[in-house]
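Below: one structure, written as structure tokens.
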Amino acid sequence: MVVHGYKGVTFQNWARTYGCCPEMYYQPRSVEEVREVLALARQQNKRVKVVGGGHSPSDIACTDGFMIHMGKMNRVLQVDTEKKQVTVEAGILLADLHPQLDKHGLALSNMGAVSDVTAAGVLGSATHNTGIKHGIMATQVVAMTLLAADGTLLECSESNNAEVFQAARVHLGCLGVILTVTLQCVPRFHLQETSFPSTLREVLDNLDSHLNKSEYFRFLWFPHTENVSIIYQDHTTKPPMSSASWFWDYAVGFYLLEFLLWISTFLPGLVQWINHFFFWLLFSRRREHSQLSHKVFTYECRFKQHVQDWAIPREKTKEALLALKATLEANPKMVAHFPVEVRFTQGDDILLSPCFQRDSCYMNIIMYRPYGKDVPRLDYWLAYETIMKRVGGRPHWAKAHNCTRKDFEKMYPGFSKFCAIREKLDPSGMFLNAYLEKVFY
Ligand SMILES: Cc1cc2nc3c(=O)[nH]c(=O)nc-3n(C[C@H](O)[C@H](O)[C@H](O)COP(=O)(O)OP(=O)(O)OC[C@H]3O[C@@H](n4cnc5c(N)ncnc54)[C@H](O)[C@@H]3O)c2cc1C
């Protein structure tokens, strides 16, 4: 055996909300080394979990079997400037991919809020951003290779193993080890971000107009208030521009927020006031800045949190948000941190994409963990999930939820097709873990 495994490694996700102690931990450098780990797992009847950036806010990446960390398989393999496509090893962090793309005059057309995540990881959980003419990140994939449980190397694309491709672009980590990913890029571009204050009523009454006005439109609602911050992000040719006060306000604001949220764990009534105050402090004025696209798409997430983020049919946005607001008003003891982040995504044809066959609205709720302290959230979580289910929602795969196979069978028209592909590629369930057992059994 060439690849060396480690015992006694502890894995924790970014938010430190889930962790595990894998029996063996591997960091392979080549396909052959990954193959060796799978052969050993087959021999010893062990389960295998591949981990990317470990940013999923659930136990989707946890295992007590073999863990494969892909951090050493992180090269850019090929850049085709003509087709604007890049082929990368699956463990590359987006943070390392951006400068390489930049060098070739290319960029990703859209991405989530952080770059310390891997190419295969963002596909595994159906990572998304916003933009009703943009799909989830998996829609940027034109080809992939994966190593199945029996050690077979599979290439897939629209024209090669098309059925596997339709499943593997949102793979949940259960189809095999993703080795390479080819992404369709766009020419390098700058974005201008403009944010301005509004109200929940205004934004819900004029949703279509906002969606038409800005390519990457989203809004933040401050629960327990009427306040909304609207954010437009659009292509610009203006030179990069950021305001010093912007940085200063956010840096100071967020340290103060963590302290106040910690105080509110003793005085929950304070949360309403905090939501009003921080809207006034940080979001009540119009602001603009422009930068290279990936710098505008991402932001520095300052402290740990619990989140839920379901995709609902776009036309249910108003009904769902008003229901959430009414629930909070009817239950004054229920506490909700800001913001509720509302984003929009184009429908696609990927079997387990939460946007399968429908344009969607993602509604992300958040409860921070000030100085690592959990704030009671179960009532809020349950009320949110009940509303999301009622309006036909599908949970984000990376974020903790209470759904099981029965729910997914109802939510996803292609669920049984995905299951059949999974069972064919991994008949013994080598790539399952506790999270995935709830999904498939
Ligand atoms: C601060 C923060 C901000 C975020 N913002 C957003 C956002 O804006 N939008 C959004 O949708 N999500 C967001 N997320 C969630 C994040 O994008 C997803 O959790 C994403 O999957 C993380 O990528 P990762 O590389 O860390 O994957 P991991 O968490 O390591 O793994 C995710 C899944 O992919 C599998 N996997 C990883 N690599 C491989 C491989 N090579 N082969 C097979 N399976 C593999 C794992 O087994 C697991 O099932 C955010 C998370 C955090 C912590």
Compute the whole-percent fraction of alpha carbon pairs in the chain spaced more than 41 Å apart.
-> 15
Would you kindly enumerate the cysteines in the chain that have no other Cys beta-carbon under 4.7 Å from their beta-carbon?
-> 21, 156, 174, 185, 301, 355, 361, 403, 419
Carbon/sulfur accessible area of segment 5-69, % of total, 1.4 Å probe, equals 45
Per residue solvent-accessible surface (Å²) - the chain, probe of 1.4 Å | 41
Segment 190-395 - percent of accessible surface contributed by carbon and sulfur, probe 1.4 Å | 58
Rounded to whole angstrom, the alpha-carbon centroid of segment 420-441 lies from that of segment 95-169 at a distance of 21
Taking square-rooted eigenvalues a ≥ b ≥ c of the alpha carbon gyration tensor, is segment 76-187 rounded, prolate or oblate, where a/c under 1.5 means rounded and, failing that, a/b exceeding b/c means prolate?
-> prolate
Can you pull the percent of segment 76-187's accessible area that's carbon plus sulfur, 1.4 Å probe, other chains left in place?
-> 49
State whether segment 190-395 is rounded, prolate or oblate according to the following rule on the C-alpha gyration tensor (a ≥ b ≥ c being the square roots of its eigenvalues): a/c under 1.5 gives rounded; otherwise a/b larger than b/c gives prolate, and the remaining case gives oblate.
-> oblate
Charges only on Cβ, +1 for Lys and Arg, -1 for Asp and Glu: so what's the dipole of the chain about the Cα centre, in debye to the nearest 20?
-> 460
Segment 173-203-segment 327-396 distance, computed between alpha-carbon centres (Å) = 18
Long-range amide H partners of residue 142 with built H, under 5 Å = 182, 183, 184
Gyration tensor verdict on segment 1-124 (Cα atoms; rounded if a/c is under 1.5, prolate if a/b is larger than b/c, oblate otherwise) = oblate
Charge tally in the Cβ shell below 10 Å around residue 370, where Lys, Arg are +1 and Asp, Glu are -1, residue 370 excluded | +1
Round to the nearest 10 and give me the degree value, 0 to 90, for the angle of helix 244-264's Cα axis relative to the longest principal axis of the chain.
-> 90
Give me Rg over Rh for segment 131-283, both radii from the alpha carbons and Rh done the Kirkwood way, two decimal places.
-> 1.12
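The values are calculated or read from the model by the stated rules, or taken from the named source; none is laboratory data. This one's a predicted model, so the numbers in the text were calculated from it and none came from an experiment. Cβ: placed from backbone, ideal geometry, glycine included. Neighbour counts: every protein chain shown. The accessibility values were calculated without ligands, DNA or RNA, using every heavy atom of the protein model including side chains. Shrake-Rupley method; radii C 1.70, N 1.55, O 1.52, S 1.80 Å.
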